[in-house]
Amino acid sequence: MPDVFVSVDTSYNTPYVGRLFAKNVHNTFTLEYYDKNRNTLNSQYKTFDDFKKRFQFSADDVKSLIAKGEAEGIKYNDEQFNKSKDEILLILKGLVATNIWKSSEYFQIVNQNDKVIEKALNVISDKKNYNAILGNQ
């Protein structure tokens with residue numbers, strides 16, 4: 001049992017997103033996206049921080065992702081996609097960042113909304129609470 005319990009949010013997990021990931025659509029989409037947009041991405045985002053703050057996929061990019069899934073035999077489900085959309089786009093953004101920089105940038109993006117990491121940072125930032133958890137007075 002962990003010292004501090006944080007429930008995991010799985011509300012974005014849907015059969016649709018599971019099928020996209022099982023067919024590796026997310027990876028092939030981002031590789032093709034980066035290859036097609038390499039020059040634009042490299043000129044628009046000189047730093048990772050700028051990319052992290054400003055980069056977003058367009059509506060056409062989202063349609064391309066959905067079409068790529070359908071080409072792999074994954075029937076589009078609007079309700080499930082919308083439930084998972086934010087998480088899907090966050091993972092895709094992280095994968096694009098990996099193509100531009102390194103894998104550590106992927107984790108900086110996908111973990112930015114991670115409740116476990118957020119709680120850990122809160123605990124270690126509060127010396128009194130941290131010491132109480134460790135049993136130090």
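The single condition from (1) touching a residue at least 60 places away in the same chain (Cβ under 8 Å); (2) in a helix (DSSP H, G or I); (3) within 18 Å of N113 (Cα to Cα); (4) hydrophobic (A, V, I, L, M, F, W, C) that F29 fails is (3). Among the residues making up the range 51-97, those that are under 13 Å from the mean Cα position of the chain (by Cα), closer than 18 Å to N39 by Cβ and in a helix (DSSP H, G or I) are V96, A97. For the range 32-48, the set of residues classified as β-branched (V, I, T) and either within 11 Å of I100 (Cα to Cα) or in contact (Cβ under 8 Å) with a residue 60 or more places away in the chain (or both) consists of T47 only. Is it the case that D86 is loosely packed, with under 13 Cβ neighbours inside 10 Å and under 21 Å from K115 (Cβ atoms)? Yes: the conditions hold for D86. One residue stands out in the range 1-50 among those that are surrounded by 16 or more Cβ atoms within 10 Å (Cβ to Cβ) and among the polar types (S, T, N, Q): the one that is nearest to the chain's Cα centre (by Cα), namely T30.
Quick note: the coordinates plus some simple rules give every number you see, no bench work behind them. None of these values were measured; they are calculated from a predicted model. Don't worry about glycine lacking a Cβ; one is built from the backbone with ideal geometry, like all the others, and counts go over all protein chains shown.
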